[in-house]
Each structure stands twice: as structure tokens, then as C-alpha cells.
1. If you build the Cα gyration tensor of the range 106-183 and take the root of 5 times each eigenvalue, what three semi-axes come out, in whole angstrom, biggest first?
2. With +1 on each Lys and Arg Cβ and -1 on each Asp and Glu Cβ, and nothing else charged, work out how big the dipole of the chain is about its Cα centre, in Debye to the nearest 20.
3. Quick one: check the C-alpha center-to-center distance for the range 276-340 versus the range 446-515, whole angstrom.
4. Could you tell me what percent of the DSSP beta bridges with both partners in the range 3-127 are antiparallel, to the nearest 5?
5. At a 1.4 Å probe radius, carbon and sulfur cover how many percent of the accessible area of the range 371-525?
6. Loop-only GluC sites (Glu not before Pro) in the range 65-122, please: DSSP not H, G, I, E or B, and at most 12 other Cβ atoms within 10 Å.
7. Under 1.5 on a/c is rounded, so check that first for the range 1-124, then, if it is not, pick prolate when a/b is larger than b/c and oblate when it is not; a ≥ b ≥ c are the square roots of the alpha carbon gyration tensor eigenvalues.
8. Enumerate the whole-percent occupancy of each 20 Å bin, from 0 to the last occupied one, for all C-alpha pair distances of the chain.
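The values are calculated or read from the model by the stated rules, or taken from the named source; none is laboratory data. Nothing here was measured: the structure is a model prediction, and the numbers come from that model. Cβ placement follows ideal geometry from the backbone for every residue including glycine, while neighbour counts extend to all protein chains displayed. Each accessible area value is taken on the protein alone, full model and side chains, heavy atoms only, with ligands, DNA and RNA left out. Shrake-Rupley method; radii C 1.70, N 1.55, O 1.52, S 1.80 Å.
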Amino acid sequence: MSSGDALSIRPKAPTPVPLASLAERFSLEVHGGASGSSGIDGVSTTGVTLDSRDVRPGDLYLGVPGALRHGAEFARQAAELGAAAVLTDAEGAELAVAALTNSEIALPIVVTSLHPRHIAGEVAAVVYGTDERFDAKTFGITGTNGKTSVVYMLAELLSAAGFTPGLSSTAERRIGDEVITSNLTSPEAPELHGLLARMREAGVDGVALEVSAHAVERHRIDGVHFDVVAFNNFSQDHLDDFGDMETYFAAKLALFAPEHAERGVVVVDSPYGQRIARESQIPVTRLATEFGQEADWHLAITRQTLDGVSFVLQGPAGEHFRGRVPVFGRFMAENAALALIMLHEAGIPIAQVEAGLDGGLIPVYIPGRLEEMTDHSSDNKPRFYVDYGHTPGAFEAMLEALGEVAPTRVIFMFGADGDRDTTKREEMGRIAGSLADTVIICDYHPRSEPPEQIRAQLLAGARSANHATVIEEGDPRRAVRLAISLAGPGDVILYAGPGHEDYQEVAGQMIPYSARDEVRGALREAGLLT
Ligand SMILES: CC(=O)N[C@H]1[C@@H](OP(=O)(O)OP(=O)(O)OC[C@H]2O[C@@H](n3ccc(=O)[nH]c3=O)[C@H](O)[C@@H]2O)O[C@H](CO)[C@@H](O)[C@@H]1O[C@H](C)C(=O)N[C@@H](C)C(=O)N[C@H](CCC(=O)O)C(=O)O
Ligand SMILES: Nc1ncnc2c1ncn2[C@@H]1O[C@H](COP(=O)(O)OP(=O)(O)OP(=O)(O)O)[C@@H](O)[C@H]1O
């Protein structure tokens, strides 16, 4: 269950780093504190974490102040798990001393005058050796929808070009063939550098990282030097955290700066993309998917069906690529094109990628993104897709894409996150009600909100469209079976939200629930899957 309770990924053979050298490099003061906390001579560290529950012996535990509590309060747990020292701020030093009172464990406490979160990435990069000494080609993608898809496209194309890819996304962290389920989309900086160090040990030489707006704004990518970063699109999401669209946009724009990356690639179909291209502090190249939009690269869709989309990509110096992805939706061609251009900008020629592909087919598999559950072995059966989309922009992109590949009817089922951005719910409902034929509203992650309250907002939006048949069925298990019962030959059922996830968060409980497994089981019950 990806509830974030897994221990973070670490290198298998870290190199100890003397605490004294970190103290000098980051101007850390040794805290005298109460009796028992010892000096730092002879102390070295082999790992970094800001979560006391994640401490391994020899770790430098970062006591970080947060919205709910100060991490230094957990210094005793860190000590009991074998931390070599605590790095925190002045307030945290007092809390750590208090937490360690009457503890037989003497733990050095070093103090920074900065916010501990603001040096976490650089400290972790030094401890793990993932600073400038990490020479893998490193790519980052930000935007509201499609980041995970682009990350998987990047990994597939890197592999075709002869690289050993590693990736970090909302769905998974992948280190060569090793796959770990993710908790946060973008892990905290210490975990990210531990992951990069593990990747280097595994011979990974091409890294694709999903970069959420939170990651940039909350220093989670500090210490990472991206060869190329990209921006794909921007629409409403996460206003619970950023408050307004301009603040959310500024968090993404901040990635296009020399302290983070060398070069950028920007999709300039939208005014937001054009703004990134204009205001970027690093050189950018532009991709347009709409005819007539001024750009360096141009994408044209040549064919699309439910089984995939074919496209042609033209570059500024005559570069030309004819390709296909086995997932429907013109935006999936855009995701592939963006990944191709990112590799090109990092000095990996399109011809080198092409040489590793069979006739331009990019055999990408993106867990829980328009992932087909049926086996479409015969066209007189309905098709069932599970997706991760949970924003108005994603709903519009998916449903418009389905409209272009003309299934007979679209049955669209979804819910909405509790305790997150509530202002996008009516719009999600309205878009669904406008573009689908039948809408089934069910529960997703209610969290601490009453599920019927969330459904009511979605229902209001869906009914305001005065178009689709709108049905309420709170239990997603029953909603899946209802959708299948309503579907006829050639119809498409699209279940948006849960994607790859294997849990449902209800009133503080993480209930095991995999939408993909549930759908496959229901399809077998209905004789639609062997
Ligand atoms: C808004 C946000 O990003 N909050 C993150 C932040 O919380 P915070 O700084 O307020 O920390 P806190 O919960 O008060 O805890 C303070 C400190 O005590 C530590 N602690 C806490 C408990 C304990 O037992 N031991 C311990 O050491 C914590 O690790 C933390 O360092 O640091 C915490 C520790 O790493 C994260 O768990 C928490 O993510 C929360 C769960 C979250 O929901 N984040 C979401 C919004 C997020 O980051 N989403 C983005 C975007 C996804 C997308 O694009 O859709 C993502 O990248 O996932
Ligand atoms: N380029 C795109 N433009 C618009 N919508 C897209 C695009 N790519 C994918 N989508 C839609 O958005 C959904 C989410 O895609 P994906 O998980 O790749 O995005 P994400 O940005 O990683 O989401 P999150 O940040 O929540 O992890 C997809 O399942 C699809 O419906």
C-alpha cells in the first residue's frame, strides 16, 4: 500500500562523510546543549533524512520545522534508530535537547542559521556524492497534467538511445529494473539524493524526474543539476496549497533558472507556456502542437484511434521524426514529442533514439494513465480505461481525445480528492457532464470530508451541463459494475482518478483499494475479460 510508510531508497554502499567537513562547508555550529550531547570529532555520516521514522544507523537527521510540528521533537526516535547527529535550527536544538533528556544516547546537535529545509538538498548531495560529481543526463518535467506520462516517455526513449534509465514519478521510482511505489510525487530532497545515489550504483546514466510545483517551492530539488527541464501545460490544481494561480505558476516558472537547469523546453500552445518561454532565465526551445503557433518545433497528428496516436515532429534545423505511441489522445503524442526534444537538447540526437525504436513505435507503458483494462480483442465489446486525471484540464483533454476517436458512447466515472483543492470540483463535474454521455459520480479519497458533500459538488457541476445522464453511486466497486452493466458494444468506460494507486484514504484510514484490480475483477465477472 503506497501510504508513504515505506523507508526511503538509499545507496547500498555509501561513503562516510565527516560531520566536521559538513559543519565547515555549511557553517554549522555545534550545540553544547545539555550534558550528554557530544562533540562532532570523529563523527561521520552515511545518509540523510528529515523523517525520524526513516532513520538508518549513521544518518544525519534533519529536524525541520513544519506546519504541524517541528521535526526536532523526534530526535529521540532518530537517536534510537542510530542517527549519528541531528542538524536543525536554533529552536530545534532546544527541542532536541529536551527530547534527548534522560536518554542514554549522546547525540551531537549541529545548528544552522538558515531554515533546515533550505540546505537539506545541498547537504544530502554532498553526503551522497550526487552534487556536480553525479554525471547522469538529468531531465525534469513540470506542468499541471502529463508529468508522469512524460517521465515514462523519457525513460523509454533513453532506453532506445542506449542509456540505462532511472525515473521518479507520482506512480513509481524506477532504478533500472528495480521498481518502488511512490508516496509523494516529488520526494523530499534527502530522499531524492538517496535515490540518485542508488541509481548511480546501478549504472543509471539517464534520469527522468517529475517536478511538482511543491518540489520547486519547497526546496525538494535543491542540489540537483538538470541538463534539461520542460513545461507542458498549466491549469487549475493545488490552489489549497498555493492560494491562487499566479503563485502556483510562479512556483513552476522558478524551475527555469540557472541554479536548477542548463536548458528548457516549453510547449507554447497556451499563454502560460508563452510566458515561461519569455520569462525563463535559461535558454529555451519551443514546441507548438497547434497550427500557426510560432515555435522552433512543430507537432502534427497524422492518425489516431483508441489503440494509439501517430505523429510527425519537425525541428528548427530540419530534424524530422515520424512516430507512434500505443495510448490514445493527441496529448500523449505531445508528451512523446516533448521527451524527444528534451533528449535532443541534452545532446542525444533523434537519430540515436530512432535507431533503438521499431518503426518509430514508442512502446511506452504508463501505469494508470489511460491504461486499458480490457484486452480489446474484439470490437463488439466495450473498452474500459483507468486514468489518474483529477483536474478539469485532464478531464477536458481525455474526453476531447475520446471524442476524436469516436467511440459510440463514453461512460465517465470519477470522484474527487477530499482535503485538497475544493474549488475545482464543480468545473470537473461540468466538463464531465458536457463531454461524456453518461457520468457516474463515486468516491475517490474523501479523507476527512463527508463523501456525500464531495459528490454533491461534482453532481451539481455535471447536472449544470444539461447533457449527460448523471448517476450517483458512492461505492467505487459498485460504480465500476454499474458502468459495465450500462456499456454496449463499442462503448468506452473511462474511470478517472485512482490510476496506479492501491489505496483509498477515508477518514484517516488507508484502505487497500486498487481500481485496476477491481475493474479487471468486474470485467471477468461480466465475461468481458478472460
Ligand atoms: C504541503 C506539503 O508538501 N507538506 C509536506 C511537508 O509537511 P510539513 O513541512 O508541514 O511537515 P510536518 O508534517 O509539519 O512535519 C514536520 C517535520 O517533522 C518530521 N516528522 C514528522 C513526524 C514524525 O514522526 N517524524 C518526523 O521526523 C517531518 O518529516 C517533517 O520534516 O513535509 C512533510 C514531510 O516530508 C510531507 O509529508 C508533507 O507532504 C504532505 C503529506 C502532502 O500532502 N504534500 C502534498 C501536498 C505534495 O507535496 N504534493 C506534491 C504535488 C503532487 C501533484 O503534483 O499532484 C508532491 O510532490 O507530492
Ligand atoms: N499533455 C497533457 N495535457 C493534458 N492532459 C494530459 C496530458 N498528459 C496527460 N494528461 C491527462 O492528465 C492525466 C494525468 O497525467 P499524468 O499522471 O501523466 O500527469 P501528472 O502531471 O503526473 O499528474 P500528477 O501531477 O497528479 O502526478 C492523464 O491520465 C491524462 O488524462
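1. After scaling each eigenvalue by five and taking roots: 30, 16, 13 Å.
2. For the chain, the charge dipole is close to 760 debye.
3. If you average the Cα positions of each part, the centres end up 32 Å apart.
4. Numbers: 5 of 15 bridges.
In the range 3-127, DSSP labels about 35 percent of beta bridges as antiparallel.
5. Using a 1.4 Å probe with all protein chains present, the range 371-525 comes out at 47 percent carbon and sulfur.
6. Details: sites: Glu73, Glu80, Glu91, Glu94, Glu104, Glu122; in loops: Glu104.
In loop regions of the range 65-122 (DSSP not H, G, I, E or B), the sparsely surrounded GluC sites (Glu not before Pro) are Glu104.
7. Values: a/c = 1.31, a/b = 1.14, b/c = 1.15.
Judged from the Cα gyration tensor, the range 1-124 comes out rounded (a/c under 1.5).
8. Bins of 20 Å from zero give 22, 51, 24, 2 percent of pairs.
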